[in-house]
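The block underneath contains the structure these notes are about, expressed in structure tokens.
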Amino acid sequence: MSEIMCGKGDYFPGLITLVHAYLDYINCDSITRERLNTYLDFIEKRSTGELVTTATWMRNYVRSHPAYKKDSVVTDEIAYDLVRMCTDIGLGKVHVPELLGDVKINPVTAEGAYEVLLDSKRAQNERILELLQRYKTRSSSSVLN
């Protein structure tokens, strides 16, 4: 997953790099770019294993629950507590750093989403190659910071 998202040397730049190149190409506004950088950083951390997946977090939650008897049985109490915790995380009431890192993802709204028109000119091959080369030489963490 990490190679797909972050790239593999000169062989493939990675999807995150391609997204950054595309955002440059369309002249993405800074507010949208900042929000997207937050998401792309999150995706990168998830793909490299720095952040656990939701499935891993849920397994760990069940295994560490006081009512779990290590018998592969998820009781009603455990299931209820898990669903309650997932709801609280989704509503932003509880922050779980191993799952979300230091990022709080706010709801995406349509308000202000169409203030900047995107550049819709057809991309020229040399421009695309220039953008990809520029991003390939930069580490993804320096692009996101």
Say R0 is 22 Å: what FRET efficiency, to the nearest 0.05, do Arg84 and Arg59 get from their beta-carbon distance? 0.80
So the carbon and sulfur contribution to the accessible area of region 1-78, 1.4 Å probe, in percent, is 57
Provide the packing ranking of 73-86, 15-28, i.e. peptides ordered by the mean count of other C-beta atoms within 10 Å per residue, highest first. 15-28, 73-86
Relative contact order of region 1-79 (C-alpha contacts under 8 Å, at least 6 apart) in percent is 22
What percent of all Cα-Cα pairs in region 38-106 falls into each 5 Å bin, going from 0 up to the bin containing the maximum distance? 3, 16, 24, 22, 17, 11, 6, 2
Considering amide H positions built from the backbone, and no H for Pro or chain starts, which residues 5 or more places from Phe12, or on another chain, come under 5 Å of its amide H? none
Would you please give the FRET efficiency between Lys93 and Tyr25, computed as 1/(1 + (r/R0)^6) with r the Cβ-Cβ distance and R0 = 30 Å, to the nearest 0.05? 0.20
Met1: net charge of surrounding residues, Cβ under 13 Å, Lys/Arg +1, Asp/Glu -1, itself excluded? 0
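The values are calculated or read from the model by the stated rules, or taken from the named source; none is laboratory data. Bear in mind the structure is a predicted one, so any value in this text is a computation, not a measurement. Cβ sites come from the backbone with ideal geometry, for glycine too, and all protein chains shown count toward neighbours. Areas reflect the complete protein model, heavy atoms only, side chains present, ligands, DNA and RNA absent. Shrake-Rupley method; radii C 1.70, N 1.55, O 1.52, S 1.80 Å.
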